[in-house]
Amino acid sequence: MVLILDNIAKIVSLTEAEKELFLSKIETQPFKAKTILHNAGEICKHSYFVNSGLVRSFNINDNIVEHVLHFACEGWWIGDMYSLLSQKPGNLFIEVMEEAEIVLLSKENQEQLYFDIPKLERFFRILTENSLVAHQERLMDNLSLSAEERFDKFCKRYPTLIQRVPQKQIASYIGVTPEFFSKMKSRMLKK
């Protein structure tokens, strides 16, 4: 539980009593690779924090093509934010990619923690703001950068993921087909 408390401590300081209360409201579970934590079409009931392993969120379009939205490794949060906040059915799948230990924080417990420990409302507001900034930056990158530039930026921003994530999922994340990605990488290596 040290990792999640360290994550919170980067933004807000909790007393020992607040830490104990927070820990009493979360649940930690092991998951095998390929486990689906959340299905598109369902209402998201949890925020997920990755203690160990790797998780991704993705959507599948009408042509059965996956579009990867996020990856989350140790120390990162993930969830279907639209569904979690609106409590309407979401459009994301959340899948465990590597054997993982995941912390689950239910929507109900999160709301109760906002009341019991107001500092946590600030913590989650800042997480949400940072997520919004990252989404806006990624959208602008997709509109203005070439595929090579987007891949280069991905490599610089997430160097630990390059060896852990299958190339077809990196291709999906940067918005290209696996075939284009393979050709692009070959061209980049020749440079």
| task | Output the pairs from Lys32/Lys119; Lys156/Lys190; Lys19/Lys156 with a Cα-Cα distance over 23 Å in this structure; if there are none, say none. | result | Lys32/Lys119; Lys19/Lys156
| said: If I model a spin label as a point 7 Å beyond the Cα along the Cα-Cβ vector, how far apart are those points for Asn91 and Gln112 in nm? | reply: 3.3 nm
| task | Taking only Cα atoms and a 10 Å spring cutoff, compute GNM fluctuations for the chain and point out the largest among Arg125, Arg56, Arg138. | result | Arg125
| said: Which lysines, if any, have their Cα less than 18 Å from the Cα of Lys34, not counting same-chain residues under 8 positions apart? | reply: Lys168
| Taking θ as phi - 60°, what are the ³J(HN,Hα) couplings along region 66-78 by the Karplus curve (6.51, -1.76, 1.60), each to the nearest whole Hz, with x for Gly and Pro? | 7, 10, 7, 9, 9, 10, 9, 10, 3, x, 10, 9, 8
| query | If you average the sequence gap of Cα pairs under 8 Å that are 6 or more apart and divide by the length of the chain, what percent do you get for the contact order? | reply | 23 percent
| request: Find the percent of Cα-Cα distances in the chain that exceed 27 Å, and round it to a whole number. | output: 32 percent
| request: Any lysines with Cα under 17 Å of the Lys45 Cα? List them, leaving off those in the same chain fewer than 8 positions away. | output: Lys25, Lys88, Lys107
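Every number here is computed from the coordinates shown, using simple stated rules; none is lab data. All values derive from a computational prediction rather than experimental measurement. Methodologically, a virtual Cβ is constructed for each residue, glycine included, from the backbone with ideal geometry; neighbour enumeration extends over all protein chains shown.
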